[in-house]
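Each remark here refers to the structure printed beneath this line.
The values are calculated or read from the model by the stated rules, or taken from the named source; none is laboratory data. All figures in this text were calculated on a predicted structure; none of them were measured in a lab. Cβ placement follows ideal geometry from the backbone for every residue including glycine, while neighbour counts extend to all protein chains displayed.
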Amino acid sequence: MSGRARSALRAVPRPLAVLLGAVLLLGLCWALLTPPFQAPDEQSHFGYVQSLVEGPGLPGDPERPAFSTEQLRAHDASNSDQTAANLLAKPEWSRDVWEAWQRQDARIPAGDKSDGGGVNPAAGNPPLSYLVDAVPYAAFSGGDFFSRVTATRIVSVLWLLLTVAGAWLLAGEVFGRDRLLQLVTAAVVGLLPMVSFISAQVGPDTLMYALWTVALWLAVRIVRRGLEPLPAVALLGVTGLAIVTKATSYALLPAVLFALGVGLWRIRDQRPRVLRIALSALVALAVPVVVWAAVARLSDRAVAAQVSGSSGPGGTNYRELLSYIWQFYLPKLPFMEPHHGAGLPAYHIWVQQGWGAFGWLEVRLPDWLYRLLALVTVAVAAAAVARLVAIRRRLHLPTLAVLALALAALFAGLHWTDYHQTAGGLAFMQGRYAFPTIAIVGLTAAQALTWIRGGARQVAASGVLGGLFVLQLLSFALVLSRFYA
Amino acid sequence: MRKAAFSFGAIALAGVVALLIVAATSSRTLSFTLGVASVAPVAELRPGAEVCQRPIPVGGAFDEVELHVGTFGRAGQPLELTVRDADGGAELGSGELPAGYADNSRPLVTVGEVPGDGSIAVCVRNAGSRRVALYGGPDAAARSSSAELDGRPARADLDLVFRTADERSALALLPDMLARASLFRGGWIGPWLYWLLLAAAVVGVPLLLWRALALTADGKRQSPREEDAPR
C-alpha cells in the first residue's frame, strides 16, 4: 500500500471506520441471505448487466427476449419466478438440482448468454451503475451464473459504505465535529434494515444513494465554508453521475444549483473566478449527461425515461392532485374522491416499506412492530423539528435550504409520478424511493438527540444503535424463515 | 460511557435472547416444495382419473403431502395418493385422503416416510364418485417437471408441498436453513460461509457497534492526527 493510501486510511475517523466494518458485515449477510432475484426488479437489473457484458449492449430491443437463455434457465433452476412475492412458494432447496444446474451451466454455449437484451423494467434506466456492475460480472465471467450475481451484489454493498461515509461527513458539516451525532447519523443510514437490504442487491439504487449523499455533503460544505473550485466541480460532477445512474436524480438539481448559486453569490465581486468556477462546474455536470444523451439519441431510446414517462397519458387535474396528496398523508375527507386503497399510504409506504419489507416486499415485520416504528418515526421527526424551532436564531439557513430543496424536489417528483401512475391504474410508490435522502433521515435522528445533554445523550445513542442492530437481526430471521424454512 | 455501554449491551443481548426464544419455540413441518404457485385449478379429476407430477427432485425426507384441492362447491371426494420412484416406478409411499374436505382447501395426505434423495413421481387418483380438481400453475412453473392426466400431458404443474409429521423448531432447522441458503450463490460458497456470517452478525457486529460508541466517548482525547482529519 502506498504511503498516500496509508495516510488516507489513517485519516478515517476511528468510530467511522469501526461502523463501516459493522455495516460491511451486515451488507454481506444481506447479499448472501436474500435468494437471487428475490428483491424488486433484481432480475431485470442483472439482465441489463449481462446484456452490456455479453451482448448485445444496452437492453430494450423489442425484437429480442427480455433475458438470456442462461438467465431464464437460472430462474427456473432456482425457482425464482414462482417464489417472487408468493409466500407459499420457496426457492429450490435441492443440492442435486443445484449441482446438476452447475454442470449444465459449465457447458452452456456463449450464445446462450448473449441472446437477451430485450425490453425489461430496467431497460429504460441510464447505464452508469450497470457499467460499474459489469466489472465484477466480467471478473467472475469464468464462474457460473450465480457467482456473477453474488459478486455483483457484493460490489453493491461497497456503495453502501460510501453512503455511510457521506452521511458521516454531512453530519460533520451540520453539527460540527461531534463524533456522537456523526455516528448516529451514519448509523441510521447504514443500519436501517431496508437500506441494507436494497443496497445488497443488483440495481442502480445503491449507487444513487451514495451519489446523493455525497452531493448533499458537498452542497452543504459549499454553503457553509464557501466556494472552492474543487468542491464545486465535484458537486456538479457527482450530480451528473447521479443523473446517469437513475433519472430520479434530476431532483438533486434544485438543491445543487442553489448551493452553487449561494457559493458564487458570495464571491460575486471576483468575476473571473466566478466565471471559471461556474463554467468548470457546469462542464462537470454536462459531460456525463450529454454523453448519455448522445448515446441514448443514437440508439433511439429515452434519455430520462422515468422523467418523461412520469406524467402518464391522462394529463393533470391539480385539484385531484391536491386531494391525492392529502389522502396520502391524512384520512380522506367526506367530499373527496377516494384515491388510494384501504389504509393510509404514508404508513404503508414510508413506515412499513421504509423500515423493512423484504423480498418482493412480501416479507414483513410484525404489525405491532410497524405501529411502534411509526410512533418512533413521528416522535423523532417532531423532536427534530421542535429542536430546529428552538434554535432558530442559530440555524444556518442556507444549509437548511439545501436539505429542504433536496427533500422537496424528490418527494414532489415521486408524488407527481405516483399520482399519474395510480390514476392510470398502476402501482408506483415504494418506500425505497425516498432513500436518496436517507442521510437527511440520519440527520433528523441526530438532531432529535440534541435535546439530550451530557452522558444521557450517549445512552440515547446507544439505544439507537442497539435498536437498529436488533431490527437487523429480526429482519435476517424473517428472511431466513421465509425462504429457507 | 459505562452507562451507554451497558445500555447498548442490554438491548443487543435482549434482542438476541428474544430471537433465540422465538426460534426455539416456533415449529416447522415443511420439508420442501415443488415451488409452484397456485393460480387456478389445472387438473380436473373425474371419478377414476389419475394425475401424476414427475419428476420431482426430493429436497428432504417427508411423510406428508399437501395438496390444493377444489371440489366444485360440494364435499370432497376420497383421493388415493402414491409416491413412486421417478425412474423405476417402485412405490415409495402411499396414502388416502378421506372424503369430506372443503372446497379450495389444502389437506394433508400421510404417505409414510419417504427418504430425502433421488427423484419421485406423485400420483393422485380420484377414488370417489364426483369430480374434483387440483390447483397449480402453468407447465413452465416447474420447468423440469410436468403433470400428466391419465398419461397425457396436462400442460400444467401441481401445487405440491412435502411435509414431515415431526415438528422441528426454527432453531433446530438452522443448519438446514443455512445449507439451503448457500445454494445458487456460486460454486465457491458453502454452508461454512453462512456459519461465519451468522457469527459475524450476532457477535462481531454488536462488538463493532459497541466499539464505535466507545470511540465517540474518547473523542475528546483524540490524537492530534485525527484532529487534522476531514470531518
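Some observations on this one:
- Of residues in region A:446-463 being surrounded by 22 or more Cβ atoms within 10 Å (Cβ to Cβ) and either more than 7 Å from every other protein chain (Cβ to nearest Cβ) or under 22 Å from the mean Cα position of the chain (by Cα) (or both), the one nearest to A:Thr34 (Cα to Cα): A:Ala446
- Listed by first and then second residue, the pairs with beta-carbon distance under 8 Å, at least 6 apart or on different chains, first residue in region B:12-37 and within 30 Å of B:Gly136 (Cα to Cα), second exposed (fewer than 14 other Cβ atoms within 10 Å of the Cβ), are B:Ser27/B:Glu167; B:Arg28/B:Glu167; B:Thr29/B:Ala165; B:Thr29/B:Asp166; B:Thr29/B:Glu167.
- Summed over region A:431-485, the residues that are among the hydroxyl-bearing types (Ser, Thr, Tyr), within 26 Å of A:Phe411 (Cβ to Cβ) and part of a helix (DSSP H, G or I) give a count of 4.
- Taken together, B:Gly35, B:Gly9, B:Gly15, B:Gly48 contain a single residue that is in the same structural domain as B:Asp103 (by TED's automatic domain parsing) and either on the phi < 0 side of the Ramachandran plot or within 18 Å of the chain's Cα centre (by Cα) (or both), which is B:Gly35.
- Screening A:Thr185 on (1) surrounded by fewer than 22 Cβ atoms within 10 Å (Cβ to Cβ); (2) away from every other protein chain (no Cβ under 11 Å); (3) in contact with a Gly (Cβ under 7 Å, 6 or more places away or on another chain) shows it passes everything except condition (1).
- With respect to the conditions (1) within 30 Å of B:Arg163 (Cβ to Cβ); (2) crowded, with 19+ Cβ neighbours inside 10 Å, A:Leu87 lacks only one, and its number is (2).
- Test: residue in region B:35-55 that is within 8 Å of chain A (Cβ to nearest Cβ) and part of a strand (DSSP E or B): no
- Entry remark, region A:66-83: residues being within 14 Å of chain B (Cβ to nearest Cβ), modelled with pLDDT of 95 or more and assigned to a loop (DSSP other than H, G, I, E, B) number 1 in total.
- Pair list, Cβ < 6 Å and 6+ apart or interchain, from region A:4-27 residues that are over 21 Å from B:Val203 (Cβ atoms) and more than 9 Å from every other protein chain (Cβ to nearest Cβ) to residues that are aromatic (Phe, Trp, Tyr) and in a helix (DSSP H, G or I): none
- Subset tally (residues that are within 14 Å of another protein chain (Cβ to nearest Cβ) and crowded, with 20+ Cβ neighbours inside 10 Å) for region B:56-76: 7
- Just one of the listed residues (A:Leu161, A:Leu180, A:Leu169) is among the hydrophobic types (A, V, I, L, M, F, W, C) and more than 8 Å from every other protein chain (Cβ to nearest Cβ), namely A:Leu161.
- Any hit, region B:87-95, residues being within 14 Å of another protein chain (Cβ to nearest Cβ), closer than 20 Å to B:Ala147 by Cβ and touching a strand residue (DSSP E or B) at 6+ places or on another chain (Cβ under 8 Å): yes
- Only a single criterion out of (1) at the interface with another protein chain (Cβ under 9 Å from one of its Cβ atoms); (2) surrounded by fewer than 24 Cβ atoms within 10 Å (Cβ to Cβ); (3) within 18 Å of A:Glu54 (Cβ to Cβ) is not satisfied by A:Ala139, namely (1).
- Pairs with Cβ under 9 Å, 6+ apart, first in region A:95-114 and more than 10 Å from chain B (Cβ to nearest Cβ) and surrounded by 13 or more Cβ atoms within 10 Å (Cβ to Cβ), second aromatic (Phe, Trp, Tyr) and in a helix (DSSP H, G or I): A:Ile108/A:Phe145; A:Lys113/A:Phe145
For (1) in contact (Cβ under 8 Å) with a residue 12 or more places away in the chain; (2) of a type in the set (S, T, N, Q); (3) part of a strand (DSSP E or B); (4) exposed (fewer than 12 other Cβ atoms within 10 Å of the Cβ), each residue gets a yes or a no:
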{"residue": "A:Arg319", "(1), (2), (3), (4)": "no, no, no, yes"}
{"residue": "A:Leu322", "(1), (2), (3), (4)": "no, no, no, no"}
{"residue": "A:Phe328", "(1), (2), (3), (4)": "yes, no, no, no"}
{"residue": "A:Pro331", "(1), (2), (3), (4)": "yes, no, no, yes"}
{"residue": "A:Pro338", "(1), (2), (3), (4)": "no, no, no, yes"}
{"residue": "A:Ala342", "(1), (2), (3), (4)": "no, no, no, yes"}
{"residue": "A:His348", "(1), (2), (3), (4)": "no, no, no, no"}
{"residue": "A:Gln352", "(1), (2), (3), (4)": "yes, yes, no, no"}
{"residue": "A:Leu361", "(1), (2), (3), (4)": "yes, no, no, no"}
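- Residue check for B:Ala201: crowded, with 16+ Cβ neighbours inside 10 Å, modelled with pLDDT of 90 or more and not aromatic (Phe, Trp, Tyr): yes
- Verdict on B:Leu19 being of a type in the set (A, V, I, L, M), part of a strand (DSSP E or B) and facing chain A (nearest Cβ under 7 Å): no
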